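This report concerns only the one structure given below.
The values are calculated or read from the model by the stated rules, or taken from the named source; none is laboratory data. On a predicted model such as this, the values are computed, not experimentally measured, just so you know. So basically every Cβ, Gly included, is an ideal-geometry build from the backbone, and we count neighbours across all protein chains shown. Please note that ligands, DNA and RNA were not included when accessible areas were found on the heavy atoms of the full protein model with its side chains. Shrake-Rupley method; radii C 1.70, N 1.55, O 1.52, S 1.80 Å.
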Amino acid sequence: MLPFNRPVLILLLAVAAAVFGIRQWTSSRPQELRESRILMDTVVEITVIGAQGGAARKAVEAAFREMERIEALTSFFREGSDPRRLAAVTGAELAPETAEIIALGLKVSAASGGAFDMTLGRLKEVWKIEGDPPRVPEPEEIREALVGSGADALRLEGRRLTKKLARTSVDLGGIAKGYAIDGAIEVLRRAGIRHAVVNAGGDLRLLGDRNGQPWRIAVQHPRQRDRFLGRLLIADLAVVTSGDYERFFEKDGVRYHHLFDPRTGYPARASQSVTVLAETAMLADALATAAFVLGPQEGLALLERFPGVEGLIVGSDGRPATTAGFEKRIEWR
Amino acid sequence: MAVKAILSRMTLLDGVIIAVLLAAIGCSFYLLGQRQEGSRVVVERDGKVLFAAALDEEREIAFAGPVGETALVVRNRKAFIARSDCRDKICVRMGEIKRDGEWIACVPNRLLIRIEGNDKGRERAYDVISR
C-alpha cells in the first residue's frame with residue numbers, strides 16, 4: 001500500500017515553487033514602455049525602461065510632440081517652415097533651432113569638403129527617388145538643379161541666413177532628423193527618465209544604459225535583408241546608419257538611391273552603408289551622410305577628426321572598414 | 001482499495017497542498033503554451049492599434065485612410081502590402097517583413113505595420129536595429 005506522506009508532498013511543492021521562482025527571476029526583464037508614431041517620413045519608436053505608468057507615458061508623449069515641433073520648423077514640406085520661408089528669398093532670420101542645425105551642418109560641410117550639403121533641395125526634386133514611376137533625370141536637368149548649391153552657398157551670421165542665390169533650395173533632410181531625436185532625448189531626460197531609446201527609422205540615440213547593461217544595437221547588413229553585420233554594445237550614444245538600400249530604385253541594372261554626391265548630382269557610389277557613433281544624433285546624422293559620399297578611406301579620415309566619433313563604412317566592394325574605437329565596440333556576426 | 005485507504009488518511013491540509021500542486025502544474029502548462037505562440041502582426045495609426053493577428057494565420061485585410069485603401073497580406077509567416085492607393089507606393093516596395101521589430105509604414109495613409117515577436121520566453125540578441 002502506498003503510504004500517504006505529507007513531507008514528500010511539501011518537498012515537491014517547495015521544489016516546484018523554487019523552479020518557478022528561479023525561472024521568473026532569470027527571465028525577468030525590466031519594465032518596458034514602447035510607443036511608435038509616424039513622424040518625419042518614418043516610424044519613430046520610443047522605448048523607456050524602468051519607468052511605467054502615467055508619468056512615463058506623459059514623457060513619451062511630450063518627446064513625440066517635440067519631434068513634431070522640430071519637423072514643423074525644419075521640413076521643406078511644411079507650410080511656414082524655415083526652408084519653405086527661405087524658398088523665394090536670399091536671406092531670412094531663422095528660428096533658433098534651425099540656426100543651430102545649420103551651424104553644425106556648415107561645420108560638417110566644411111570639414112568634409114562639401115560632401116555634406118544642405119543645398120540639394122532642387123536636385124532631390126528632379127530625382128524624385130521615391131516617385132512612381134521613378135526615372136533618371138537628363139544630365140542637363142541635373143546640371144541645372146546644381147546651380148546655386150554647394151558648400152559656399154549658405155552663410156550664417158547669428159540667426160540670419162544668407163543664400164548665394166534666391167533659387168538655392170535649403171534641404172535639411174540629412175540632419176534635422178538627428179536634431180529631432182536629440183530634442184526627444186532631452187525631453188525624456190528632463191522628465192526624469194534614465195533609460196530610453198529614441199529610434200527614428202533605424203537612426204537612434206540611447207539615453208543611459210539598459211538598466212545596468214549596455215544596449216545591444218544590431219547593425220543592418222547592406223545587401224542581405226535578413227542579416228546583421230554585427231552587434232554594438234553601447235550606452236548614452238547616438239547611432240546613425242545611412243545606406244543605399246534604404247530608398248532606391250533600379251533601372252537597367254543600376255541602383256539609384258537617395259544619397260547624392262553633391263559634386264556630380266548622381267547617387268554616391270563609394271559606399272554601400274555607413275554607421276556612425278557620436279554623442280548627438282544630429283552630428284552622427286550629418287557625418288553618416290558625408291562619410292557615405294566620401295567612401296571608406298576619406299570617410300574614416302573625416303570621422304577620426306571629430307572627437308568622440310566612431311564609425312563603420314562598408315565600401316562599394318562590400319568590405320567593411322572601421323575606426324579603431326568602433327572595432328572595439330562591435331561583435332561581428 | 002489503495003486509493004480509498006489514502007483518502008481516508010488525508011486531512012484538509014493535505015487536500016490544500018494537493019490542490020496547490022495541481023494548480024501549479026496547470027499554470028506551467030498554460031505558460032508553456034503561451035510561449036510557443038508565434039509572432040504577431042500589429043497595425044497602428046497615430047499610436048493606436050487598429051488590428052493585430054498571429055503571423056501564422058493567412059489573411060488579407062484592407063485599411064481605409066486619408067488617401068484610400070491599403071491592403072495588408074499575411075502569408076507564409078510574412079506580412080506585406082499588396083496594394084495601396086497612395087501615390088508613391090513606398091509601402092508596397094518595402095517588401096516583406098517577418099522579424100520582430102521590423103515595420104512597413106504607409107505615411108500618406110498614416111499606417112504603421114509592425115511585427116511583434118513573442119520574446120517573453122526567448123531572449124533576443126539585440127534591442128534595436130540601426131539601419
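Worth pointing out:
- Portion, in percent, of the accessible area of the protein assembly as shown that falls on carbon or sulfur, probe 1.4 Å: 55
- Working note: Karplus 6.51/-1.76/1.60 with θ = phi - 60° gives the range A:166-177 the couplings 4, 7, 4, 10, 7, 10, 9, x, x, 8, 5, 4 Hz, where Gly and Pro are set to x.
- Convex hull of the range A:148-250 built on C-alpha atoms - directionally averaged projected area, nm²: 9.9
- Over 16 Å [Cα-Cα, the range B:40-116], rounded percent: 40
- Simple label model, 7 Å out from Cα along Cβ direction - residue A:157 to residue B:23, nm: 7.9
- In chain A, Cα pairs under 8 Å separated by at least six residues give a relative contact order of 16 percent.
- Residue by residue, the range A:95-103 carries 3J(HN,Hα) couplings of 5, x, 5, 5, 4, 5, 5, 5, 4 Hz when phi is fed to the Karplus relation 6.51 cos²θ - 1.76 cosθ + 1.60 (θ = phi - 60°); x denotes Gly or Pro.
- Candidates A:92, A:56, A:18: whichever shows maximal mean-square fluctuation once chain A is modelled as a Gaussian network with Cα springs under 10 Å: A:18
- Cα extents of chain A along the three principal axes, largest first (Å): 99, 43, 41
- The range A:263-272 - phi-based ³J(HN,Hα) in whole Hz, Karplus 6.51/-1.76/1.60, Gly and Pro as x: 6, 10, x, 10, x, 5, 10, 7, 9, 9
- Residue-normalised accessible area of chain A, given per residue in Å² at a 1.4 Å probe: 45
- When the accessible areas of B alone and A alone are added and the area of the pair subtracted, with a 1.4 Å probe, the result is around 4200 Å², both sides summed.
- Sorted peptide list for A:171-182, B:19-30, criterion being average Cβ within 10 angstrom, highest first: A:171-182, B:19-30
- Amide H contacts of residue B:88 (H built 1.01 Å from N, in plane; Pro and chain starts excluded): no residue 5 or more places away or on another chain comes under 5 Å.
- Placing R0 at 41 angstrom, the Cβ-Cβ distance between residue A:245 and residue A:13 gives a FRET efficiency of 0.15 after rounding to 0.05.
- Cross-link reach list, lysines versus residue B:48, counting only Cα pairs under 26 Å and skipping chain neighbours closer than eight places: A:58, A:177, B:78, B:89, B:98, B:120
- Taking amide H as placed 1.01 Å from N in the peptide plane, the amide H of residue B:39 sits under 5 Å from that of B:55, B:118, each at least 5 places away or on another chain.
- Cα-only radius of gyration and Dmax that characterise chain B, units Å: 23.5, 79
- Just so you know, the averaged projected area of the alpha carbon convex hull for the range A:59-194 sits at 9.7 nm².
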